[in-house]
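Reviewing the structure listed below.
The values are calculated or read from the model by the stated rules, or taken from the named source; none is laboratory data. Since the structure is predicted, the reported quantities are computational estimates derived from the model, not experimental observations. Here the Cβ positions follow ideal geometry from the backbone for every residue, glycine too, while neighbour counts run over all protein chains shown.
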Amino acid sequence: MRSILFAAALAITPTLAAAQADEALVREYAALPAVQQMMAAMMSPEAATAQLEATLPPGLELSDEQLTQIGLIMSEELVDFQPRMEVLMIDAMIESFTNEEVQAMIDFYSSDVGASILLRTQPMFTSIMATMAPELQGRMMARQADIMAIIMQ
């Protein structure tokens, strides 16, 4: 069994090493206008408000004005994270993708269609998470005793 695992590890290792993208190429991707707009949209007051709404505890209801005010505060704080997020994205992309894959992303997301898709993806996932969050929170609350038992072991 160990020899099979060792052989599998050896077979995977060259593939993982090949997934090292060139930093300059990844930086070119990160600098694309659509990528920059997507990151800015993730930090916007609207996105912050949607994230807040999705994570409110069950039974806690805030007015639209309260949500807007809190969303603005959250956005102010999130904006400071954009440069850090970009660094983390670049580092992760260098480790995760090949030059060929990064170049394909640059080519696609530089096109009108690709840029449009990139800009529409973040709001789509925010909407999905907002829809799923109450159910997920309910499930986690129902399992809170199980989670606490594991933590207390």
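For residue 52, are the conditions met, namely being of a type outside the set (S, T, N, Q) and either in contact (Cβ under 8 Å) with a residue 24 or more places away in the chain or surrounded by fewer than 16 Cβ atoms within 10 Å (Cβ to Cβ) (or both)? So residue 52 fails the test. Of all residues in the stretch 49-84, those satisfying the criterion of being over 19 Å from the mean Cα position of the chain (by Cα) and among the polar types (S, T, N, Q) are 63, 66, 68, 69. Listed by position, the helices (runs of 4 or more DSSP H) contained in the stretch 69-153 that have at least 3 residues being at pLDDT below 95 are 82-96, 112-142, 144-152. In the stretch 103-116 there is at least one residue matching the filter, namely being touching a helix residue (DSSP H, G or I) at 6+ places or on another chain (Cβ under 7 Å), closer than 27 Å to residue 26 by Cβ, free of Cβ contacts under 8 Å to residues at least 24 places away in the same chain and of a type outside the set (Ser, Thr, Tyr).
Whether a residue is at pLDDT 90 or above, out of contact with any Leu (no Cβ under 8 Å at 6 or more places or on another chain), surrounded by 15 or more Cβ atoms within 10 Å (Cβ to Cβ) and closer than 29 Å to residue 111 by Cα was assessed, and residue 35 does not pass this test. On the stretch given as the stretch 46-74, residues that are under 13 Å from residue 126 (Cβ atoms) and not hydrophobic (A, V, I, L, M, F, W, C) total 6. Can you find a residue in the stretch 69-89 that is of a type in the set (Phe, Trp, Tyr) and touching a Leu at 6+ places or on another chain (Cβ under 8 Å)? No; the residues of the stretch 69-89 include none that is of a type in the set (Phe, Trp, Tyr) and touching a Leu at 6+ places or on another chain (Cβ under 8 Å). Checked against the criterion of being surrounded by fewer than 17 Cβ atoms within 10 Å (Cβ to Cβ) and over 30 Å from residue 144 (Cβ atoms), the candidates 95, 61, 77 yield just one match: 95.
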